[in-house]
Amino acid sequence: MASTASNTSKLEKPVSLIWGCELNEQNKTFVFKVSDEDKTEHQLALRTVCLGDKAKDEFHIVEIVPQEVAGTVSQPVPIATLKPSILPMATMVGIELTPPITFQLKAGSGPVYISGQHIALEEDYSWAEEEDEEEEVEEEEEEDPESPPKAVKRPAASKKGSQAKKKKMDKDEEEEGSEEDSPVKKGKGAGRGRKPAAKK
């Protein structure tokens, strides 16, 4: 069970590794390939082709030999022509290849170093997790439309209640205000009440 968990964690992101090879007089070709058992998709993004410090001041031509496709003959494609005194290094942009790839030193004795980024595009199972999350979000959203009206009704009811309270408060204030407006009457009434008490 632990091994499958570790596999799924690896499958979440593509694996990216620095890759490089050397072409020289003894090894004029290099084949970049992956095992047939490996079912993941691989790509090689080239970054630089440069000459070694011991390279002779001569032209070095590096080319890619295309895969043989049934019924077609493909010519090698030069990707860099280098000479120490003129151009010792070339930067590659936008060259992404799918293995097997054969690099060949057509001219020159090298050493020539080719470097790039080896990307293993693992099958991504995160979409299944995203769907589960979306379903959970949808369920939450289905519950939410029911609760907001309740929440809206409650404040509305409280507003009505507060309005009724305000009206009652206003009436009470008016009554209090009318009583305050006539302090003389109160005083007279209070005086009359006291006078009979004094007569007794």
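Below is a table of values for the structure above.
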| item | result |
| --- | --- |
| Cut-off 13 Å between beta-carbons: net charge of the residues surrounding residue 62, Lys and Arg +1, Asp and Glu -1 | +1 |
| Ranking by accessible area, most exposed first, for 91, 29, 40 with a 1.4 Å probe | 91, 29, 40 |
| 13 Å beta-carbon shell around residue 21, net charge (K/R +1, D/E -1) | +2 |
| Where 38, 57 fall by accessible area, highest first, once all protein chains stay in place (1.4 Å) | 57, 38 |
| Local net charge near residue 77, Cβ-Cβ under 12 Å (Lys/Arg +1, Asp/Glu -1) | 0 |
| At most 15 other Cβ within 10 Å, DSSP loop - GluC sites (Glu not before Pro), region 25-64 | 25, 37, 58 |
| Listed residues 50, 21 arranged by accessible area, highest first, probe 1.4 Å | 50, 21 |
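The values are calculated or read from the model by the stated rules, or taken from the named source; none is laboratory data. Treat the numbers as computed from the prediction; the structure is a model and nothing was measured. When we count neighbours, we look across all protein chains shown, and the Cβ atoms used for this are built from the backbone with ideal geometry, even at glycine. These accessible areas exclude ligands, DNA and RNA; they are computed on the full protein's heavy atoms, side chains included. Shrake-Rupley method; radii C 1.70, N 1.55, O 1.52, S 1.80 Å.
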